[in-house]
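Let me begin by presenting the structure, written as structure tokens, before commenting on it.
The values are calculated or read from the model by the stated rules, or taken from the named source; none is laboratory data. None of these values were measured; they are calculated from a predicted model. When we count neighbours, we look across all protein chains shown, and the Cβ atoms used for this are built from the backbone with ideal geometry, even at glycine. Ligands, DNA and RNA are stripped out before the accessible areas are found, and what is left, the full protein with its side chains, is counted by its heavy atoms. Shrake-Rupley method; radii C 1.70, N 1.55, O 1.52, S 1.80 Å.
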Amino acid sequence: MKRPSLLLAVALGLATAVSARPAVIECWFVEDAGGGKLAKKPAALLLRQGTESPPPRPDLAPERYLKVHDPADALQAAFRRYPRDAPAPRCEMSFYILFPASAKWLSGLTPGQSCPRALDGTWLMVSMSSPFLSLSSLLRLQSEPQPEPALITMATAVLTVFTHTPTPRIQMGQDALLDLSFAYVPLTSKAATSLAPGPPPFGLEWRRQHLGKGHLLLAVTPGLNGQVPAAREGSVAFAAWDDDEPWGPWTGNGTFWLPAVQPSQEGTYLATVHLPYLQGQITLELAVQKTPTVTLTPAALVWAAPGEAPPELLCLVSHFYPSQGLEVEWELRGGPEGRFQKAEGQSWLSALRHHSDGSVSLYAHLQPPPVTSEQHGARYACRVHHPSLPALGRSAEVTLQVAGFSGPSLEDGIGLFLSAFLLLGLLKALSWAVAYLTTQNSMEKKTE
């Protein structure tokens with residue numbers, strides 16, 4: 001009886017996972033308003049529904065209320081890993097004009113002089129973005145809204161490109177792996193097409209923009225024999241179709257690998273999938289990080305007499321990146337109140353020191369105020385916050401020892417030093433006396 005219950009649990013889990021995917025995505029329809037201005041109007045995408053009719057949306061014009069037909073299931077696949085409690089992605093849509101790719105290495109995709117009649121119609125480009133997803137989809141609309149209980153326009157998702165890592169954070173010196181998936185639904189029927197069965201050739205390019213500069217990192221054209229620019233910076237793309245169904249739809253992979261990333265390689269990455277007269281593009285923001293090392297001196301213990309200030313504390317925050325976002329806090333742990341509190345005294349930061357690998361270091365200074373005997377055993381801590389660290393940051397601490405309290409006083413220390421000095425002198429005198437007597441005895445024996 002355990003097997004049916006297990007199958008039931010799996011089925012319920014799958015049903016819960018499917019129901020967690022969004023049924024409707026609220027969007028903005030963006031169009032040119034003239035005079036260099038853009039107009040935004042509310043719109044919505046109906047991604048899935050049951051057997052019932054679409055819910056009415058009187059707040060939307062029918063041409064902006066879209067019921068999406070997605071034979072490749074690409075839109076639902078993009079949301080499978082979307083966190084349940086995360087905010088909905090930002091969504092915008094606009095009209096899309098078909099055009100051939102301009103790069104010479106992509107000329108083999110469009111050998112004809114005109115766009116095929118199968119691609120005629122009105123096209124929209126939908127873009128979605130969030131910390132968990134970046135997506136672009138080209139939709140072809142049906143000519144007239146459907147006369148259902150709720151007026152709605154039917155649309156087919158033809159080319160969808162997405163990534164689940166839109167904001168990767170990579171440790172300096174480690175490899176970056178930027179995932180990219182795409183899906184294509186051919187609009188030409190099996191009977192009408194003159195193309196060979198199987199997935200078509202496509203083009204894939206990865207570009208980087210950083211500090212106002214952009215350049216091509218990698219270009220590939222699976223299925224074509226033309227020359228492509230050489231890959232740069234050791235980059236590799238795993239570009240291929242995932243299946244070889246004769247008439248589609250097809251899904252593909254364009255994941256990008258960049259070895260041993262450095263600060264100069266962070267920035268905006270543009271991934272573009274090219275098909276004849278269709279281009280789907282998404283953006284990723286790659287950030288490079290290096291976790292700081294925190295060292296506090298004087299190490300372990302710091303001594304001070306009551307009413308005197310301890311020596312200056314130096315907190316070395318070394319080899320971190322980026323330089324922005326660093327915060328240093330000084331804490332006093334323990335002491336009279338027995339709790340954490342902000343350390344008093346004068347604090348400041350040194351200038352940044354730049355290293356050859358692109359990382360930086362600095363010193364944080366603290367000059368504590370005079371101490372009291374109640375602060376004996378308290379701990380001064382230097383806590384560092386940085387984007388590469390967890391929320392609590394990283395800290396280093398030293399223990400404060402107050403002379404004359406729960407330990408040897410300053411006078412005791414001087415007394416012990418003098419006692420040790422006198423004892424050493426006495427031992428020296430005894431050793432000289434023994435040596436003198438031994439020498440005298442030896443001389444007397446020789447004389448006899």
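Only residues that are open to solvent by 20 Å² or more (accessible area, probe 1.4 Å) and either part of a strand (DSSP E or B) or touching a Pro at 6+ places or on another chain (Cβ under 6 Å) (or both) were counted in region 309-326, giving 6. Pairing residues of region 115-139 that are aromatic (Phe, Trp, Tyr) with residues that are surrounded by 14 or more Cβ atoms within 10 Å (Cβ to Cβ) and outside any strand (DSSP E or B), at Cβ distances under 7 Å and at least 6 apart in sequence or on separate chains, gives TRP123/TYR96; TRP123/LEU98; PHE132/TYR82; PHE132/HIS164. Within region 91-141, the residues that satisfy the criterion of being aromatic (Phe, Trp, Tyr), open to solvent by 40 Å² or more (accessible area, probe 1.4 Å) and out of contact with any Ser or Thr (no Cβ under 8 Å at 6 or more places or on another chain) are PHE99, PHE132.
Taken over region 41-67, residues that are surrounded by fewer than 13 Cβ atoms within 10 Å (Cβ to Cβ) and in contact (Cβ under 8 Å) with a residue 24 or more places away in the chain amount to 2.
Per-residue answers, yes or no, for (1) farther than 30 Å from GLN171 by Cβ; (2) among the acidic types (Asp, Glu):
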{"position": "LEU316", "(1), (2)": "no, no"}
{"position": "GLU329", "(1), (2)": "no, yes"}
{"position": "GLN346", "(1), (2)": "yes, no"}
{"position": "VAL360", "(1), (2)": "no, no"}
{"position": "ALA381", "(1), (2)": "no, no"}
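With respect to (1) touching a helix residue (DSSP H, G or I) at 6+ places or on another chain (Cβ under 8 Å); (2) open to solvent by 70 Å² or more (accessible area, probe 1.4 Å); (3) in contact (Cβ under 8 Å) with a residue 24 or more places away in the chain, the lone exception for ASP70 is condition (2).
Rundown of residues vs (1) in contact (Cβ under 8 Å) with a residue 12 or more places away in the chain; (2) open to solvent by 30 Å² or more (accessible area, probe 1.4 Å); (3) touching a strand residue (DSSP E or B) at 6+ places or on another chain (Cβ under 9 Å); (4) in a loop (DSSP other than H, G, I, E, B), yes/no style:
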{"position": "GLU344", "(1), (2), (3), (4)": "yes, yes, yes, yes"}
{"position": "TRP348", "(1), (2), (3), (4)": "yes, yes, yes, no"}
{"position": "SER356", "(1), (2), (3), (4)": "no, yes, no, yes"}
{"position": "PRO369", "(1), (2), (3), (4)": "yes, yes, yes, yes"}
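Under the condition of being modelled with pLDDT of 95 or more and either β-branched (Val, Ile, Thr) or in a helix (DSSP H, G or I) (or both), the residues counted in region 383-417 number 1.
Would you say SER361 is on the phi < 0 side of the Ramachandran plot, part of a strand (DSSP E or B), of a type in the set (Gly, Ala, Ser) and surrounded by 15 or more Cβ atoms within 10 Å (Cβ to Cβ)? Yes: the conditions hold for SER361. Note on region 263-292: among residues that are modelled with pLDDT of 95 or more and open to solvent by 50 Å² or more (accessible area, probe 1.4 Å), the one that is nearest to LEU119 (Cα to Cα) is GLN281. None of ALA15, ALA88 is small (Gly, Ala, Ser), open to solvent by 50 Å² or more (accessible area, probe 1.4 Å) and at pLDDT 90 or above except ALA88. Note on region 237-252: residues that are closer than 21 Å to ASP179 by Cα and either buried (at least 18 other Cβ atoms within 10 Å of the Cβ) or at pLDDT 95 or above (or both) total 7. Please indicate, with yes or no, whether at least one residue in region 207-220 is at pLDDT 90 or above and part of a loop (DSSP other than H, G, I, E, B). No, region 207-220 has no match at all. Restricting attention to region 289-318, the residues that are in contact with a strand residue (DSSP E or B) (Cβ under 6 Å, 6 or more places away or on another chain) and closer than 24 Å to GLY358 by Cα total 12.
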